[in-house]
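Notes follow the structure.
The values are calculated or read from the model by the stated rules, or taken from the named source; none is laboratory data. Given the structure is predicted, the values throughout are model-derived calculations rather than measurements. So basically every Cβ, Gly included, is an ideal-geometry build from the backbone, and we count neighbours across all protein chains shown. Areas reflect the complete protein model, heavy atoms only, side chains present, ligands, DNA and RNA absent. Shrake-Rupley method; radii C 1.70, N 1.55, O 1.52, S 1.80 Å.
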Amino acid sequence: GAGVSQTPSNKVTEKGKYVELRCDPISGHTALYWYRQSLGQGPEFLIYFQGTGAADDSGLPNDRFFAVRPEGSVSTLKIQRTERGDSAVYLCASSQSTGNTEAFFGQGTRLTVV
Amino acid sequence: AQSVTQPDIHITVSEGASLELRCNYSYGATPYLFWYVQSPGQGLQLLLKYFSGDTLVQGIKGFEAEFKRSQSSFNLRKPSVHWSDAAEYFCAVGADGWGKLQFGAGTQVVVTP
């Protein structure tokens, strides 16, 4: 597709379970970003990748959150031992590089922890 | 630490009337500034950005914003709103372009007939 694709669009999981959220960036985009948007709030930065490496993971809230991008394209955000407070929309964006190139956002994955 | 404040949580405007959304930021240097729009079920869409140069920037859908360094503001304006402008609007600031943006809490815009 032409845009950033995130799967699944919705995910309901039980407290304590492990979840994976997938992001397919726009082809050729080397930079990839993850944000989390809680209800009634603006998006909150989690992590961004330049290629395969995490350039800045300072926004990850704790060690239950982890993200990978092994081949420099698709990225997976992994959440262990989910808590109800993890419920949010997780947004992914990509850009040709960091700096002065526009980042395009996907429609997000709505995660609900029950 | 950088921060972004959108003082208005909710704004109601009549179709055809003008719209102004406020954004104030706190940052040590000249930041990169952005306005995004989010419609229900849609992803974030960039309306406009300011990196440097002319402080009045034009964006898509008839929006413009003015960077005022002395007031630490980057307010968004549209002269005449359309019903399709009903959405949530986010101001954001970045240190180095699009890497690691900080967003405001958003302003919900309702357009009445």
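Simple point charges give the picture: +1 on the Cβ of Lys and Arg, -1 on the Cβ of Asp and Glu, and for the protein assembly as shown a dipole about the Cα centre of about 380 debye. Think of each Lys and Arg Cβ as +1 and each Asp and Glu Cβ as -1; about the Cα centre, that makes the dipole of the range A:5-99 roughly 280 debye.
Using a probe of 1.4 Å on the protein chains alone, the accessible area found for B:HIS10 is around 110 Å². The percentage of C-alpha pairs in chain B whose separation is greater than 22 Å is 26%.
For chain A, the per residue solvent-accessible surface stands at 48 Å², with DNA, RNA and ligands left out and a 1.4 Å probe.
Cross-link partners for A:LYS78 among the lysines, with Cα-Cα distance under 25 Å and sequence neighbours closer than 8 places in the same chain left out: A:LYS11, A:LYS15, A:LYS17, B:LYS100. Each part reduced to its alpha carbon centroid, the range B:18-78 and the range A:49-82 end up 29 Å apart. Shown here for the range B:1-68: GluC sites (Glu not before Pro) in loop regions (DSSP other than H, G, I, E, B) with at most 14 other Cβ atoms within 10 Å, namely B:GLU15. Give me the net charge for the shell around A:HIS29: Cβ to Cβ below 14 angstrom, other residues only, Lys and Arg +1, Asp and Glu -1. With Lys, Arg at +1 and Asp, Glu at -1, the net is -2. Which value in Å does the Kirkwood hydrodynamic radius of chain A take, with 1/r averaged over all unlike C-alpha pairs and then inverted? Mean inverse Cα-Cα distance, inverted, gives 13.9 Å. Computed on the Cα atoms alone, the convex hull of the protein assembly as shown gives a volume of 123 cubic angstrom per residue. Within a Cβ distance under 10 Å of B:GLN108, other residues only, what is the Lys/Arg minus Asp/Glu net charge? Taking every other residue near B:GLN108 into account, the sum is -2.
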